[in-house]
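These notes are about the structure you will find just below.
The values are calculated or read from the model by the stated rules, or taken from the named source; none is laboratory data. Everything quoted here is computed from the prediction, not taken from an experiment. For neighbour counting, all protein chains shown are included, and Cβ atoms are generated from backbone atoms with ideal geometry for every residue, glycine included. The area values use the complete protein model at the heavy-atom level, side chains included, leaving out ligands, DNA and RNA. Shrake-Rupley method; radii C 1.70, N 1.55, O 1.52, S 1.80 Å.
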Amino acid sequence: MIDGITEKQKEVVDYLLQKIKDDGLMPGDKLDTEIAIAKNIGITRATVREATRILIEQQRIYRVKGSGLFVGSTGKSDHVGRFHALSPFDFQAQKKGYKGVRKVITVSIMKVPTAEMAQALRIKSGDQIYKVVRLMSFDDIPVALEYNHFPVSMFSSMEFSKLEISKYSYIEQITGKKVQRREQHLNAINVTDEEQLRLLNFNENDAALEIYETVYLDDGLPCEVNRAIINTQLLQLRQNTERP
């Protein structure tokens, strides 16, 4: 049992973890409200609040002010299975009656900005990377903003317009290898950056989900570090992260 947790709080924790498992929920999926949870299992809302605080501290779930509780991550995404034949982004756009649109906003070559990114990409701290800012939209409705970082040593040349069709397909075309796995870290944020506010059509301090991910090829080599700011009200994160 978790230190300091009461039996009633443990009942809530067990209920939520079992629901996530039984319903096949993934990072970014919305959970029931605290009021609904309390009603479903006959426990006070105060107890539910304390139990959810424990799960938030463990990064199993996260709270977005004004929106509620969402499934989080313990650091590494561990969902394994086949990718949908249509990308999750295109699939969701199509399901909502839209076309998935990818637009490259800016491209630059720069020295890898941090030691952490260099380590993630397994390159030297003085090596160069491509930085590609890409806006994802349902028709003309922006839903996500990506900051893609690729090692120049792996991609000596790139046709950036190809990233407006399919990023992973293009990576596979260049490398001759399959994109297989992603390790993701998720955070709930309030957006304040002027560029992000403008491109995502947000108001200042609107809630969003921030994802840091490292993408690996089937030989285990990392090919990309990506930071994405996502409007989870429009784009739900129901996607598998590994190709067998």
> Only one of (1) closer than 22 Å to Val112 by Cα; (2) in a helix (DSSP H, G or I); (3) at pLDDT 90 or above fails for Val132. Which number is that?
Replying inline: (2)
> What pairs come up if the first residue lies in the stretch 16-41 and is touching a residue at least 40 places away in the same chain (Cβ under 8 Å), the second is open to solvent by 60 Å² or more (accessible area, probe 1.4 Å) and of a type outside the set (Asp, Glu), and their beta carbons are under 6 Å apart, counting only those six or more places apart or on different chains?
Replying inline: Met26/Arg238
>> Of everything in the stretch 114-143, what is among the polar types (S, T, N, Q) and open to solvent by less than 70 Å² (accessible area, probe 1.4 Å)? Give them in sequence order.
In response: Thr114, Ser137
>> For the list (1) surrounded by 15 or more Cβ atoms within 10 Å (Cβ to Cβ); (2) part of a strand (DSSP E or B), I need the number of the one condition that Phe155 fails.
In response: (2)
>> Return the residues of the stretch 22-45 that are of a type in the set (A, V, I, L, M, F, W, C) and open to solvent by 70 Å² or more (accessible area, probe 1.4 Å); say none if nothing qualifies.
In response: Ile35
>> I'd like to verify a number: residues in the stretch 205-214 that are part of a loop (DSSP other than H, G, I, E, B) and surrounded by 18 or more Cβ atoms within 10 Å (Cβ to Cβ), how many?
In response: 1
> So which of Gln173, Gln233, Gln196 ends up being touching a residue at least 12 places away in the same chain (Cβ under 8 Å), more than 20 Å from Glu116 (Cβ to Cβ) and open to solvent by 60 Å² or more (accessible area, probe 1.4 Å)?
Replying inline: Gln233
>> Filter the stretch 162-198 down to the residues that are assigned to a helix (DSSP H, G or I) and more than 25 Å from Ile123 (Cβ to Cβ) and list them by number.
In response: Glu164, Glu194, Glu195, Gln196, Leu197, Arg198
> Only one of Phe160, Phe202 is out of contact with any Phe, Trp or Tyr (no Cβ under 7 Å at 6 or more places or on another chain), under 30 Å from Ile61 (Cα atoms), open to solvent by 20 Å² or more (accessible area, probe 1.4 Å) and among the aromatic types (Phe, Trp, Tyr); which?
Replying inline: Phe202
> List pairs: first in the stretch 92-109 and under 16 Å from Asn148 (Cβ atoms), second open to solvent by 90 Å² or more (accessible area, probe 1.4 Å), Cβ under 7 Å, 6+ apart or cross-chain?
Replying inline: Ile109/Gln128
